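Read the structure below first, then the notes.
FYI, it's all coordinate maths here, none of it is from the lab. This one's a predicted model, so the numbers in the text were calculated from it and none came from an experiment. Cβ coordinates were reconstructed from backbone atoms using ideal geometry, including for glycine residues, and neighbour counts include every protein chain displayed.
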Amino acid sequence: MVPLSDREISADIIQDCRSGDRDAFRALYDIYKDRVYSMALYFSRGDAAAASDITQQVFLKLMTGIGQFRGDAEFSTWLYRLVANACMDAARRQKAAPKYSQDMEMVAGEGSQEEDYARRQIASSVRAAVSALPPKFRVAVLLRYFDDLSYEQMAKALQCSMGTVASRLSRGHRMLGERLKGLARRP
Amino acid sequence: MILTRHPLRELAAYIDERLPENRARRTERHVAGCTRCGNDCEAIRLGMAELENLPLVEAPDAIWTAIERQLQEKPAPKQQWRWTLAAALVAAAIIGVAYWGAARRLGVRWEVTRLAGSPVVGTTVIGATGRIGAGEWIVTDAGSRAAVKIGEIGSVDVEPDTRVRVLVTQPTEHRLALARGEIRAKISAPPRLFFVDTTAGTAVDLGCEYSLQVDADGVGRLEVTKGWVLFQWKGLESLVPAGASCRTRPSAGPGIPYFNDAAENIKQALERYAFEKGGVEDLNIVLASARVRDTLTLWHLLSRVPVEERGRVYDRMAALTPVPEGVSREKALQLDAETLKRWREELAWTW
């Protein structure tokens, strides 16, 4: 899981956003933008344009709807509900074959050429395996990976029961694991 | 009590230690005695572990720019937000129609700021600032520099000894023509809104920052520092990512892009190969010296080398980095558009 230290959002920032403070909204955007974009990007099979559209859509909805956010739910739950909905809407619109796209840079490895080759092969296989998951499993798996939400929070974000979250995570990760078994046997 | 049903639904929660204690204990006992669930647990753990290979990806700056632009058309969220939003949308629509109409008739004049010396717009030396519209030239001498604000999408610095003309200033198309000299563009907008024409072709912005130089003979060089630029000329295309450059020549269009940190012998061989009727020897140099990152260069070469050399280029690329699913040697050598696109998209993860 990606280590994240700035997950907690203060009530003040939310309140400032509700009163229309653009700086506060920018601060909120900066905290979440990379996680939202990464989720959207991997969900969209590496399509940077689709991921940008989803990210933009999520934050615009957030800004225009934050006046209705009463603070009786956790902010991250609400945010990830918007992300999940936007991703699922995009999946319904684009029932295309798996593909990956541009604008992705891998950090150069420090190992040998063979190690670099193997690392790229692994990353490519993992992306392909995630892309092959059914959208409902894919979004659940990415949500668990990109933020440290409880099952209850994930259930609220995905608008389903905790049992359904657990089921989707179990089945999604099992599919990933089965597809990636060959990688586990690497030397 | 031991579970009688296989608890697949709960295995991820069990592994994540999110099950209530009593259920976790029952699941643990079941898994210990059930090969099928043991295997499922192993697969789930593996799936969770392999996800660590997915890095967090930085959101492009263009997203915020687009959000800001849209927010400027919307009111801040208030109690009466629906009415305010509706009013703002109507106002925005009216202004938009008026702006669109005016822009179509007259074009918009962009702001020019003097950075050094005495830049000239049209026939006038500008003061601290000036304006430039479609059809007008901005000219700098050896001691002059200027910055042009490109509508709402970015800016272009005009370096010394440069002649650049503004061609189109519409919201849907921002177009310059660089006759000679150097410009540095910083654009934060959706792709294909900003274009720069040269005698060797057109640089199409795909959301990026770059510099473009053209000398008196029309020989040019594009260097991208952020995002991507597409350089087009008569059906020939070079896609140049951040950290890479591309030479251009009149009557030949864009050359083969290369990363700036590529070996010097590769750059020299590419220059000869693309523009000086270089042959197999130059191709051999490129193939022998290419690194993984240089698949950018090899990918472009694939469609530009003679058909009998394509197999060697393909084989070198395949040796450098895994060929993704859906890309076959046969289709790649046929230059099948979908196959090449698919391969490029996968290679781009390493560029």
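Structure values in brief
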| quantity | calculated |
| --- | --- |
| All aspartates and glutamates inside 17 Å of B:Lys277 as judged from Cα atoms, apart from same-chain residues fewer than 8 positions distant | B:Glu308, B:Glu309 |
| Cleavage-rule hits (GluC sites (Glu not before Pro)) in region B:281-351: DSSP loop, at most 14 neighbouring Cβ within 10 angstrom | B:Glu325 |
| Protection proxy ranking of B:35-41, B:11-17, B:199-205 - average other beta-carbon atoms within 10 Å, highest first | B:199-205, B:11-17, B:35-41 |
| Rounded D (µm²/s) - region B:8-53, Kirkwood Rh over Cα pairs, Stokes-Einstein at 4 °C, 1.567 mPa s | 120 µm²/s |
| Highest-fluctuation residue, B:Glu136, B:Glu264, B:Glu209 considered, GNM on chain B with Cα pairs under 10 Å | B:Glu264 |
| Value of D in µm² per second that Stokes-Einstein yields for the protein assembly as shown, Kirkwood Rh from Cα pairs, at 37 °C (0.692 mPa s) | 126 µm²/s |
| Residue-averaged beta-carbon neighbours from other chains (10 angstrom radius) around B:186-195 | 1 |
| Average beta carbon contacts from partner chains per residue of A:161-167, 10 Å cutoff | 4 |
| Region B:160-223 - Rg (one decimal) and Dmax (whole number), Cα, Å | 11.1, 32 |
| At q = 0.19, 0.20 Å⁻¹, base-10 log of I(q)/I(0) for region B:262-351 (Debye sum, equal scatterers on each alpha carbon) | -0.82, -0.90 |
| Rg and Dmax [Cα atoms of region B:109-255; Å; Rg one decimal, Dmax integer] | 14.0, 42 |
| Solitary cysteines of the protein assembly as shown, where the nearest other Cys Cβ is not under 4.7 Å | A:Cys17, A:Cys87, A:Cys160, B:Cys41, B:Cys208, B:Cys246 |
| Whole-number D in µm² s⁻¹ for chain B, Kirkwood Cα-pair radius fed into Stokes-Einstein, 20 °C, 1.002 mPa s | 88 µm²/s |
| Exceeding the 28 Å Cα-Cα cut-off - candidates A:Lys33/B:Lys267; B:Lys234/B:Lys331; B:Lys226/B:Lys341; B:Lys186/B:Lys331; B:Lys149/B:Lys267; A:Lys33/B:Lys331 | A:Lys33/B:Lys267; B:Lys186/B:Lys331; B:Lys149/B:Lys267; A:Lys33/B:Lys331 |
